[in-house]
Amino acid sequence: MNRFAELLDRLVLTPSRNGKLKLMVDYFRAVEDPDRGLALAAITGDLNIAAVKPAMLRQLVSERMDPVLFGYSYDYVGDLAETVSLVWPDAPERRPNRPPTLADVVALLQSASRSDGPKVLAGLLDSAGIEARYAIIKLVTGGLRIGVSARLAKQALADFGDVDVAEIEELWHGLAPPYLELFAWLEGSAPKPEKAAKALFRPVMLSTPVGDTNLDKLDPADYAAEWKWDGIRVQATCEAGVKRLYSRTGDDVSGAFPDLVDAMDFDASIDGELLVGDPREATGTFSDLQQRLNRKTVSAKMQAKYPAFIRCYDLLHIGAEDLRALPFAERRQRLEAFVATLDPSRFDLSPLVSFADWDELEALRKAPPHPIIEGVMLKRLDSPYLAGRPKGPWFKWKRDPHTVDAVLMYAQRGHGKRSSFYSDYTFGVWTGAEGAEELVPVGKAYFGFTDEELRQIDKYVRDNTIERFGPVRSVRADRTTGLVLEIAFEGLARSTRHKSGVAMRFPRISRLRWDKPSAEADRIETLEAMLD
Amino acid sequence: MRARDLLHPRPEGLYCPPGDFYIDPVRPVGRALITHGHSDHARSGHAHVLATRQTLDIMALRYGEDFAGTTQTAVIGEIIDIGGVKVSFHPAGHVLGSAQIAVEHGGVRIVASGDYKRRADPTCASFETIQCDVFITEATFGLPVFRHPDAGHEVEKLMKSAQQFPERAHLVGAYALGKAQRVMRLLRDNGYDRPIYIHGALVKLSDYYQNQGIALGELLPATVDRSGKENFAGAIVVGPPSAFADRWARRFPDPVSAFASGWMRIRQRAKQRGVELPLIISDHSDWDELTETITETGASEVWVTHGREEALVRWCELQGIAARPLHLVGYEDEGD
């Protein structure tokens with residue numbers, strides 16, 4: 001348990017992806033079965049433990065210490081799990097000779113009934129030190145929140161076993177904690193586990209940006225083009241009555257879209273874009289789609305107002321036949337025939353865009369016919385469906401981003417290589433009547449600039465600081481002084497969580513406008529006019 | 001005599017009217033008794049200073065030889081008479097030279113502990129419990145959430161991380177007096193025998209510790225002029241916490257920022273400061289040590305100063321010990 005607790009503590013404070021991977025790989029290497037598999041399940045959210053309510057934790061702790069002292073403590077720390085882990089009275093006489101392993105803790109928690117749950121938890125907290133107590137409380141209150149996605153954990157497994165992450169993703173949903181056969185395979189002591197379960201995830205094919213690719217060297221006749229829809233990429237897979245909707249990283253998101261899953265009445269695997277609306281009438285905007293995202297349960301009202309559908313891109317499997325090795329053109333024909341058999345309110349075909357040359361396609365890309373199109377996709381007609389992001393067969397050619405000129409307001413120190421640099425910037429635009437303008441923050445960006453530009457902004461921040469709050473500096477920004485940043489972003493949505501009322505998607509710094517007077521930066525009205 | 005007539009707070013600091021002296025005054029006074037060398041307790045400009053030899057040496061290193069008009073060395077355990085008040089210095093276990101000051105007059109004994117800790121620390125003499133009527137305790141970590149782990153374990157975490165990330169430099173923020181030397185000594189006691197790189201602000205004090213017989217091993221300046229950036233890969237570098245937020249830190253390859261402090265017990269504190277590797281190493285007492293010490297002194301009254309006074313006052317009340325916060329101004333928790 002202590003090693004797991006230590007891993008959590010390190011992961012939560014380690015900002016870099018590589019650092020997190022290294023910590024997980026080393027943990028998988030150092031820790032034996034079944035603990036490492038249970039830790040993995042805890043991180044990926046696949047560990048089933050009956051949840052304990054915060055009220056019960058408070059109850060347990062109030063039986064053990066003065067409520068006034070607990071109140072002072074909780075006020076100071078601000079996090080219930082952490083406060084309880086720290087103030088819980090040490091009971092050395094109740095400590096077992098051998099500290100409990102993660103497997104011991106999980107077994108006890110899983111076997112606890114509703115009525116003896118509090119007693120079991122209290123016993124576990126008595127048996128553990130501070131770090132382990134924190135980890136136990138995080139396990140029972142659900143949600144580790146350590147900044148590690150299931151995808152990153154799978155990447156760590158891939159690094160650990162020196163295999164491609166696609167292999168892990170493909171197996172994943174057929175495996176269960178503590179993943180003994182998976183670790184045995186990754187360590188080379190057993191063969192690769194058989195794909196036993198039905199409707200497994202098939203690793204998704206991704207594209208590379210057109211970027212600097214010289215399109216003139218490519219023959220337009222070799223490529224099909226289609227719109228790049230700005231929804232979420234999904235895979236709908238059904239096999240022998242098992243229906244699964246996966247995100248592009250292989251997370252099972254079926255639970256959030258029961259309306260769509262109900263309509264998945266086939267034996268095949270479709271690659272497509274999840275959108276909301278009725279494809280025969282209207283496609284909802286990204287803001288509409290957001291109403292359906294990140295929800296554990298979804299009300300009937302929500303399902304009726306924002307019905308989910310799939311705009312189909314590709315067909316990977318049909319019945320027992322694997323189509324992935326076929327060329328795109330052939331798969332496309334099969335897809336067209338297949339989609340025609342599906343419920344038209346839940347599935348439609350992503351139309352191909354015909355074009356004669358790159359100039360014509362560029363013109364189409366710049367003026368797409370629908371607001372939820374974010375560019376075009378280019379797919380080689382002869383490309384097989386490959387896992388991962390191969391270079392060449394598929395390109396994404398995005399719509400040009402929106403830009404706005406904003407003023408730097410706050411700067412925060414970065415992490416790792418950037419820990420001595422002010423590298424995270426909050427910027428704002430003008431609001432208020434003429435003569436009484438003030439800046440309202442509209443977003444935060446921490447990339448898009450070169451190392452040299454970072455040094456320049458850092459110097460500017462240090463020279464123009466007016467206040468400090470921990471790692472954050474407030475920078476001089478008024479009508480006469482201020483650094484104007486050109487911000488590029490992908491879209492704008494209304495937000496009740498931000499003072500400005502808008503939230504940017506994917507903001508980054510596209511240019512430093514040392515030349516531009518701060519008073520000439522944009523006003524909030526400019527942004528409001530861009531709302532989706 | 002009432003305790004409050006023997007010692008009470010004034011804007012300058014804690015004042016003893018019968019002896020006409022102050023303990024750890026924050027403004028220049030005629031006669032100052034100093035518990036230890038941290039700058040919020042030991043200030044320059046007093047006419048006369050009474051402190052342990054090591055505290056006087058440390059003040060001279062920090063402020064220059066002329067930091068006070070005249071000085072007098074307090075020998076640990078020896079009673080000094082100041083205007084009829086019996087004064088004695090006793091080890092506080094906080095940093096090298098740190099002492100509690102016992103003040104006795106008219107049948108009342110008050111112990112002003114200054115900052116103190118109870119854990120073993122190879123860089124200074126251990127705390128001694130002095131029986132008293134009134135105990136003046138610090139409360140820097142005076143909340144039940146502060147429970148310091150074993151410092152050796154924290155240093156193991158640091159060494160493990162340095163092994164795990166051999167391509168990165170490990171920057172350990174540690175207060176220049178006491179904490180820095182303790183971290184270095186803990187590393188040595190844990191078998192770390194590579195050179196430790198130190199920031200310039202640590203040089204004088206670390207040399208002084210070594211001269212006082214506290215071996216810290218090979219210490220090298222953390223400068224880049226002679227060695228390339230890559231030479232700091234896998235190295236442990238110790239410096240004052242402020243330096244790591246500064247441009248100074250740019251000489252190190254992809255640094256892991258560590259911070260040795262009791263505050264690191266609270267995750268959010270570590271997060272806010274951008275600390276990747278918190279090392280919970282404190283030179284102050286944690287909650288359990290504070291409450292045990294109060295009990296051990298046998299004091300019937302406790303005065304609580306600098307820190308989270310209200311929780312410790314509450315605890316005393318629950319134990320039936322009279323307690324009140326002593327509102328002294330000017331003390332910060334200097335970087336612990």
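The values are calculated or read from the model by the stated rules, or taken from the named source; none is laboratory data. Just so we're clear, the structure is a prediction, and the values are computed from it rather than from any experiment. Every residue, glycine as well, gets a Cβ built from its backbone with ideal geometry; the counts of neighbours run over all protein chains shown. Heads up: the accessible areas ignore ligands, DNA and RNA and are worked out on the full protein's heavy atoms, side chains in. Shrake-Rupley method; radii C 1.70, N 1.55, O 1.52, S 1.80 Å.
At a glance:
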item	result
Listing of strands (runs of 3 or more DSSP E) fully contained in the range A:343-453 that carry 3 or more residues being farther than 27 Å from residue A:489 by Cβ	A:347-349
Strands (runs of 3 or more DSSP E) contained in the range B:195-290 and holding at least 2 residues within 14 Å of another protein chain (Cβ to nearest Cβ) and open to solvent by 40 Å² or more (accessible area, probe 1.4 Å)	none
Enumeration of residues in the range A:1-29 that are of a type in the set (Gly, Ala, Ser) and not in a helix (DSSP H, G or I)	A:16
Breaking point among (1) assigned to a loop (DSSP other than H, G, I, E, B); (2) open to solvent by 70 Å² or more (accessible area, probe 1.4 Å), for residue A:324	(2)
Members of the range A:243-272 that are open to solvent by 10 Å² or more (accessible area, probe 1.4 Å), assigned to a strand (DSSP E or B) and either basic (Lys, Arg) or in contact with an Asp or Glu (Cβ under 8 Å, 6 or more places away or on another chain) (or both)	A:243, A:244
Single match in A:184, A:196 (criterion: touching a Pro at 6+ places or on another chain (Cβ under 9 Å), of a type in the set (Gly, Ala, Ser), outside the structural domain of residue A:42 (by TED's automatic domain parsing) and over 29 Å from residue A:383 (Cβ atoms))	A:184
Residues of the range A:173-217 satisfying the condition of being open to solvent by 10 Å² or more (accessible area, probe 1.4 Å), outside any loop (DSSP other than H, G, I, E, B) and closer than 22 Å to residue A:314 by Cβ	A:208, A:209
Residue count, the range B:40-51 (criterion: assigned to a loop (DSSP other than H, G, I, E, B) and open to solvent by 10 Å² or more (accessible area, probe 1.4 Å))	3
Failed condition for residue A:51, given (1) open to solvent by less than 60 Å² (accessible area, probe 1.4 Å); (2) away from chain B (no Cβ under 14 Å); (3) in contact with a helix residue (DSSP H, G or I) (Cβ under 7 Å, 6 or more places away or on another chain)	(1)
Any hit, the range A:85-108, residues being in a helix (DSSP H, G or I), of a type outside the set (Asp, Glu), surrounded by fewer than 18 Cβ atoms within 10 Å (Cβ to Cβ) and touching a Phe, Trp or Tyr at 6+ places or on another chain (Cβ under 8 Å)	no
Inter-residue pairs, beta-carbon under 9 Å, first under 19 Å from residue B:319 (Cα atoms) and within 10 Å of another protein chain (Cβ to nearest Cβ) and in the range A:59-85, second small (Gly, Ala, Ser) and open to solvent by less than 30 Å² (accessible area, probe 1.4 Å), 6+ apart	A:65/A:73; A:68/B:311; A:69/B:311; A:72/B:311; A:73/B:311
Subset tally (residues that are surrounded by fewer than 19 Cβ atoms within 10 Å (Cβ to Cβ) and more than 11 Å from chain B (Cβ to nearest Cβ)) for the range A:4-28	1
Residue B:295 among the polar types (S, T, N, Q), within 14 Å of another protein chain (Cβ to nearest Cβ) and more than 26 Å from residue A:412 (Cα to Cα)	no
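Residues checked against (1) under 19 Å from residue A:435 (Cα atoms); (2) more than 14 Å from chain B (Cβ to nearest Cβ):
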residue: A:470; (1), (2): no, no
residue: A:477; (1), (2): yes, yes
residue: A:480; (1), (2): yes, yes
residue: A:489; (1), (2): no, yes
residue: A:492; (1), (2): no, yes
residue: A:530; (1), (2): no, yes
